[in-house]
């Protein structure tokens, strides 16, 4: 194997990045101030740091330094859990960088948000991460269908979504 290929594989292993197989482009117009506040996690792809969590919710608040505090809460086996993160805006609209363990940041891509900022589709830097957020614990069938159509158009596997109980 060539040195370049070995280096590329090692870099992907260390950074968690793999070849992108989906369209995870972020929205062109994004207003962070309208995004702030409480969001319920309606659905997500399975990943180890949220495995088994239900009643998940995120609260986004702007800090004086321009960064965003993120407080994630949920329940697992009847126990309440909390996780704090910090997000920074980038020059790309709809793209935040989020860190649970500084100095390591990951992409947080707002791929769809309705005009009233009542629901959103969020992706990561790879096709392994996907979240559907809503301002309310439940979404209507109409909104669900609209979001699932967008998920499918972007190449994500909708059957991998876990629907969160609230």
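General remarks:
- Spin-label model, residue 157/residue 128: points 7 Å from Cα along the beta carbon direction are separated by 1.4 nm.
- Cα centroid separation, the range 18-64 to the range 123-147 (Å): 9
- Angle in degrees between helix 141-153 and the longest Cα principal axis of the chain, rounded to the nearest 10: 10
- The listed peptides 101-113, 56-68, ordered by packing as a protection proxy, come out as 101-113, 56-68 (highest mean of other Cβ atoms within 10 Å first).
- With the simple spin-label model, which puts each label point 7 Å out from Cα in the Cβ direction, the residue 99 to residue 116 separation comes to 3.7 nm.
- Per residue of the chain, the DSSP helices (runs of n ≥ 4 H) give a summed -39500 (n - 2.57) that works out to -5500 deg cm²/dmol at 222 nm.
- Correct choice for semi-axes √(5λ) of the Cα gyration tensor in Å that was computed from the model, options (1) 25, 19, 18; (2) 29, 19, 18; (3) 29, 19, 14: (1)
Values quoted throughout were computed directly from the atomic coordinates according to the rules given, and no laboratory measurement underlies them. Everything numeric in this text was worked out from a predicted model, so none of it was measured. FYI the Cβ positions are ideal-geometry reconstructions off the backbone, even for glycines, and counts take in every protein chain you see.
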